[in-house]
């Protein structure tokens, strides 16, 4: 089962690299159904992978001067402002 899970993870990585998106929607079912990870943990793990991938990609673009920081901050703030209230009913603090 480990080899099947590892192969699926590699295919997800290739898909994410080719298309630039879709990693989480593919990773969560693989983690849940192939690796046996509980759903909440699988979601958190996939978000971590996407965050690290995004950060690594952003570093290269930032060094080349291709990042519009102001635009990114505006969109990020808007996403947080809309996402936190929308997700609040699902949080158990």
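The values are calculated or read from the model by the stated rules, or taken from the named source; none is laboratory data. Quick caveat, the model's predicted, so the values are computed rather than measured. Neighbour counts are summed over all protein chains in view; Cβ atoms, including those assigned to glycine, are modelled from backbone coordinates with ideal geometry.
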- For the range 32-76, which residues satisfy the criterion of being assigned to a loop (DSSP other than H, G, I, E, B) and touching a helix residue (DSSP H, G or I) at 6+ places or on another chain (Cβ under 7 Å)? 35, 37, 67
- Task: Any chance you could count how many residues in the range 53-93 are under 30 Å from residue 2 (Cβ atoms) and at pLDDT below 85?
- Result: 3
- Query: Can you name every residue in the range 56-75 that is surrounded by 10 or more Cβ atoms within 10 Å (Cβ to Cβ) and within 15 Å of the chain's Cα centre (by Cα)?
  - Reply: 57, 58
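Kindly evaluate residue 36 against the criterion of being surrounded by 10 or more Cβ atoms within 10 Å (Cβ to Cβ) and on the phi > 0 side of the Ramachandran plot.
On the way: surrounded by 10 or more Cβ atoms within 10 Å (Cβ to Cβ): yes; on the phi > 0 side of the Ramachandran plot: yes.
Yes; evaluated as a whole, the condition is true for this residue.
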- Item | Answer from 52, 32, 37, 74 - the residue that is out of contact with any strand residue (DSSP E or B) (no Cβ under 9 Å at 6 or more places or on another chain) and more than 19 Å from residue 11 (Cβ to Cβ) | 74
